[in-house]
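Below is one structure, written out as structure tokens, with a few remarks after it.
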Amino acid sequence: MAFMSASRGRPRSYDRDHALEQAMLLFWERGFEGAGTRELCAAMGISPPSLYHAFGSKQQLFEEVVRTYSQRYTGFVEAAFEEEPDARRAALRLLTGAAHQYTQPGCPAGCLIMNSAAGPSPASPEVESGLQSIRRAISRRLLSALRTDQEAGLLPAALDVHGFGMHVLAIWNGMSMQARDGARREELEAGIAAFMATWPATQPH
């Protein structure tokens, strides 16, 4: 979305990047529905007319926040699937990256996308659809990696790949909630290590 020219509703000191950063932190902490427009304006240092002038609507602001969050904080997801040679190491990198990101000092605990999906009240259908599309894309990539490994003989032929993939995703999603409940990075990593020790292996011939 192109940034429009200045209007009377915007203070001279307005900094769009700073305002977007503050909105991201509030959405991250409270989710889409939990962050009210007044609170957003107060955090961003702008008036409601300025918010709507610059971002269009609360939903459009949130969508831009999610794009910014994904660019800044979820690079480990892409790296897991693009740089690791097999599903086991991709899953380990995905989970380890999440443990680091969800407990990063100076940021709200957990994942902005997961936090918004698990808020106290449901998000609008459009917002929830966007969040689901992100989660489903990651699910498809993980399941594809697992199927590739199974076809290559790296996973047992009898393994229910879909069920196992759902298990991995449940751990990944659950770590966000654990982090919000105060789990330390070391605790999340210990849980990852325990899970990885159970990774199914083919029997030697």
Structure-based [θ]222 nm, the chain - -39500 (n - 2.57) summed over DSSP H runs of at least 4, per residue, nearest 500
-22000 deg cm²/dmol
Relative contact order [Cα under 8 Å, 6+ residues apart], the chain, whole percent
23 percent
The long-range amide H neighbours of Leu155, using H built 1.01 Å from N in the peptide plane and a cut-off of under 5 Å, are Gln150
Enumerate the calculated ³J(HN,Hα) couplings along the stretch 31-44 in order (Karplus 6.51 cos²θ - 1.76 cosθ + 1.60, θ = phi - 60°), each rounded to whole Hz, writing x wherever the residue is Gly or Pro.
x, 5, 6, x, 9, x, 4, 4, 5, 4, 4, 5, 5, 7
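How much of the accessible area of the chain, in percent, comes from carbon and sulfur atoms when a 1.4 Å probe is used? Before the final figure, lay out the partial values.
Numbers: 5660 of 10780 Å².
Taking all protein chains in place, the chain shows 52 percent carbon and sulfur surface.
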Surrounding charge for Leu92, neighbours by C-beta under 14 angstrom, Lys/Arg +1, Asp/Glu -1, total -2
Using a/c under 1.5 as the rounded threshold, could you call the stretch 88-172 rounded, prolate or oblate? The axes a ≥ b ≥ c are square roots of the C-alpha gyration tensor eigenvalues, and prolate needs a/b larger than b/c, oblate otherwise.
oblate
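Is the C-alpha gyration tensor of the stretch 136-205 telling us rounded, prolate or oblate? Criteria: a/c under 1.5 is rounded; beyond that, a/b larger than b/c is prolate, otherwise oblate.
Working: a/c = 3.35, a/b = 1.71, b/c = 1.96.
Oblate is the answer for the stretch 136-205, as a/c is 1.5 or above yet b/c matches or exceeds a/b.
What does the net charge come to around Cys111 if you take all other residues with beta carbon closer than 13 Å to its beta carbon, with K and R at +1 and D and E at -1? Before the final figure, lay out the partial values.
Working: positive: Arg72, Arg135, Arg180; negative: Glu29.
Here the count lands on +2.
Given N residues in the stretch 30-100, what is Rg(Cα) / (2.2 N^0.38 Å)?
On the way: Rg = 17.0 Å, N = 71, 2.2 N^0.38 = 11.1 Å.
After normalising by residue count via 2.2 N^0.38 Å, the value is 1.53.
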Please report, in debye to the nearest 20, how large the charge dipole of the chain is about its Cα centre when each Lys and Arg carries +1 at its beta carbon and each Asp and Glu carries -1 there.
540 debye
Taking the Cα-to-Cβ direction at Ser70 and at Arg184 and moving 7 Å from each Cα, how far apart do the two end points lie in nm?
3.4 nm
Theoretical FRET efficiency, 1/(1+(r/R0)^6), r = Cβ-Cβ of Asp160 and Asp15, R0 45 Å, to 0.05
0.30
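The values are calculated or read from the model by the stated rules, or taken from the named source; none is laboratory data. Since the model is a prediction, treat every value here as computed from it, not as a measurement. Here the Cβ is made from the backbone with ideal geometry for all residues, glycine too, and neighbour counts use every protein chain on show. Surface accessibility is based on the protein's heavy atoms, side chains included, excluding ligands, DNA and RNA. Shrake-Rupley method; radii C 1.70, N 1.55, O 1.52, S 1.80 Å.
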